[in-house]
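The values are calculated or read from the model by the stated rules, or taken from the named source; none is laboratory data. No experiment lies behind these values; they were computed from the predicted model shown. Don't worry about glycine lacking a Cβ; one is built from the backbone with ideal geometry, like all the others, and counts go over all protein chains shown.
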Amino acid sequence: MQARCGCGQNRLEAYATLNPELLSVNADTPIRQDANTPNRAVFLDRDGVINRPLIREGKPYPPSRLDEFEILPGVPEACHALKQLGFLLVVATNQPDVGRSTLAREAVETIHRWLLEQLPIDRVMTCFHGGAEYGDRCDCRKPRPGMLFQAAEELKINLAKSFMIGDRWRDVDCGFNAGCKTIFIDWSYEEKLKRGPDFNARDLLDAAKLIEQLELKNDART
């Protein structure tokens with residue numbers, strides 16, 4: 001089994017075969033795609049990339065209600081720019097408070113329904129598991145790449161030509177584990193990365209401009 005793969009189907013099938021209960025991922029209905037054409041995607045963490053996280057004692061926390069959910073400046077422009085470049089936009093978010101019984105699943109899904117109305121996002125992948133430390137182990141909680149593998153199979157995504165953008169070490173490691181290029185948005189949280197990203201950006205709009213520059217370089221080589 002290769003450490004980095006182009007689309008992730010083999011590893012996803014292995015996960016599902018060995019541990020089908022570990023890939024319980026909530027995903028909204030995707031747009032229709034040409035099943036014969038591998039797509040490129042930009043995978044987006046949610047809190048800290050799309051919306052402003054709630055900061056307590058230097059640590060980020062997700063909003064628990066729609067009235068706490070604030071889309072960050074530049075995010076709509078960034079999403080539209082990435083769509084113009086031909087990328088699918090897939091949100092991949094850990095929401096472990098649901099699995100830990102401190103947040104209702106419906107509250108998260110209400111936020112996501114509203115989010116899909118505001119931005120040109122093609123799919124939202126959500127891991128609701130509480131995490132191994134809470135006795136709720138899974139293969140979709142980042143840094144594990146299960147959400148990206150599932151999206152790759154269902155949307156025919158070429159992971160090697162895709163990006164993962166996040167603001168925490170789990171996002172960076174998840175991108176590497178899935179075989180994507182990684183872009184880190186540094187909000188100076190009181191936590192350290194476990195490995196360096198491929199690229200750094202100030203925010204999602206800056207990341208979109210970076211991807212556009214990389215696209216132009218690739219076009220110049222061909």
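A few points about this structure:
- Restricting L193, L210 to residues that are at pLDDT 95 or above, under 23 Å from R56 (Cα atoms) and either among the hydrophobic types (A, V, I, L, M, F, W, C) or out of contact with any Ser or Thr (no Cβ under 8 Å at 6 or more places or on another chain) (or both) narrows the list to L193.
- Residues of region 186-220 satisfying the condition of being closer than 17 Å to S162 by Cβ and among the hydrophobic types (A, V, I, L, M, F, W, C): F199, A201, L204, A207, A208, L210, I211, L214
- Subset of region 61-83 [under 18 Å from A107 (Cα atoms) and of a type outside the set (F, W, Y)]: P62, P63, S64, R65, L66, D67, E68, E70, I71
- Contacts under 8 angstrom Cβ, first residue in region 158-186 being at pLDDT 95 or above, partner of a type in the set (S, T, Y) and not in a loop (DSSP other than H, G, I, E, B), 6 or more apart: F163/T182; M164/T182; I165/T182; G166/T182; D171/T182; V172/T182; G175/T182; F176/T182
- Of the residues screened, G99 is not one that is touching a residue at least 24 places away in the same chain (Cβ under 8 Å), touching an Asp or Glu at 6+ places or on another chain (Cβ under 9 Å), under 21 Å from R202 (Cβ atoms) and not polar (S, T, N, Q).
- Check on T102, within 22 Å of N51 (Cβ to Cβ) and over 13 Å from the mean Cα position of the chain (by Cα): yes
- When E70 is tested against (1) surrounded by 21 or more Cβ atoms within 10 Å (Cβ to Cβ); (2) more than 16 Å from G179 (Cβ to Cβ); (3) in contact with a strand residue (DSSP E or B) (Cβ under 7 Å, 6 or more places away or on another chain), exactly one condition is not met: (1).
- Members of region 187-201 that are surrounded by fewer than 18 Cβ atoms within 10 Å (Cβ to Cβ), among the hydrophobic types (A, V, I, L, M, F, W, C) and touching a residue at least 24 places away in the same chain (Cβ under 8 Å): W187, L193
- Odd one out for D139 among (1) surrounded by fewer than 20 Cβ atoms within 10 Å (Cβ to Cβ); (2) under 30 Å from P38 (Cβ atoms); (3) acidic (D, E): (1)
- Top-ranked residue in region 202-222 [being under 19 Å from the mean Cα position of the chain (by Cα) and of a type in the set (A, V, I, L, M); ranked as surrounded by the most Cβ atoms within 10 Å (Cβ to Cβ)]: L204
- Here N26 fulfils each of the conditions (1) of a type outside the set (A, V, I, L, M, F, W, C); (2) at pLDDT 85 or above; (3) crowded, with 18+ Cβ neighbours inside 10 Å apart from (2).
- Single condition S64 does not satisfy, out of (1) at pLDDT 85 or above; (2) surrounded by fewer than 14 Cβ atoms within 10 Å (Cβ to Cβ); (3) part of a loop (DSSP other than H, G, I, E, B): (2)
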